[in-house]
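The structure appears below as structure tokens.
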Amino acid sequence: AEDLAHPVRHVFVAALPVNTPVNVNTAAPEVLATIVRGAEAEGLARLVANRATKPYGGIAEFRARLPAGMVLDSDLGLAVESSYFFATVEARQGNTLGRARALLQRRPGAWPTVVWQVVE
């Protein structure tokens, strides 16, 4: 039976080999809510819609485009780009499905490095 007194909450975890900033251009609304004071559902939806139309070019721009009533207290630990990417590749032949998943690290001037991969 579901415990109505203790609703299920989503937990967001990042397990990367190094300390990595939060990318405000790709972070889930729930993650943005933890870094922006005064964030509410409507304002978060506007933030996400705004970045879909025009990604934030820098944290100063992110701060300037915050909806009224929302405040960014600190720029620490924030970025507008990512060094790590999760990739999934699927191939199907008839009823057979093959899948590979990998964590890639992007480095300036080089091909991405495979941090780990799983072939299913």
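What is the packing order of peptides 51-57, 22-28, taking the mean over residues of other C-beta atoms within 10 Å and listing the highest first?
Final packing ranking: 22-28, 51-57.
With θ set to phi - 60°, apply the Karplus curve 6.51 cos²θ - 1.76 cosθ + 1.60 along region 103-108 and write out the HN-Hα couplings as whole Hz, x wherever there is a Gly or Pro.
9, 10, 10, 8, 10, x
Per residue of region 62-67, in order, report the coupling 6.51 cos²θ - 1.76 cosθ + 1.60 (Karplus, θ = phi - 60°) as ³J(HN,Hα) in whole Hz, putting x for Gly and Pro.
Karplus-based 3J(HN,Hα) across region 62-67 equals 4, 4, 5, 9, 5, x Hz.
Could you give me the ³J(HN,Hα) list for region 77-84, computed from phi with Karplus coefficients 6.51, -1.76, 1.60 and θ = phi - 60°, whole Hz, x at Gly and Pro?
In residue order, the calculated couplings are x, 10, 8, 10, 9, 10, 9, 10 Hz.
If amide hydrogens are placed 1.01 Å from N in the peptide plane, which non-local residues have theirs closer than 5 Å to the one on Val22?
Residues meeting the amide H criterion: Leu78, Ala79.
Given a Förster radius of 30 Å and the C-beta distance between Trp111 and Val11 as r, what FRET efficiency does 1/(1 + (r/R0)^6) yield to the nearest 0.05?
0.35
How far is helix 41-53 tilted off the main Cα axis of the chain, in degrees rounded to 10, range 0 to 90?
Roughly 60 degrees, rounded to the nearest 10.
Taking the Cβ of Gly58 as the centre, find all other residues whose Cβ is under 14 Å away and add up their charges (Lys, Arg: +1; Asp, Glu: -1).
Result for the local shell: +1.
Assign one of three labels to region 75-118, namely rounded, prolate or oblate, based on the Cα gyration tensor with a ≥ b ≥ c the square roots of its eigenvalues; rounded applies when a/c is under 1.5, prolate when it is not and a/b is larger than b/c, and oblate otherwise.
prolate
Can you tell me how much longer the chain between Val18 and Ala91 gets when fully stretched, taken as 0.36 nm per residue apart minus their C-alpha distance, in nm with one decimal?
Full extension from Val18 to Ala91 adds 23.1 nm.
Give me the extension gain from Glu42 to Arg99: residue separation times 0.36 nm, minus the current Cα-Cα distance, reported in nm with one decimal.
16.8 nm
Using the Cα gyration tensor of the chain, with a ≥ b ≥ c the square roots of its eigenvalues, what is the shape: rounded (a/c below 1.5), prolate (a/b larger than b/c) or oblate (neither)?
oblate
No lab work stands behind these numbers, since they all come straight from the coordinates. Predicted, not measured: the structure shown is a model, and the values here were computed from it. FYI the Cβ positions are ideal-geometry reconstructions off the backbone, even for glycines, and counts take in every protein chain you see.
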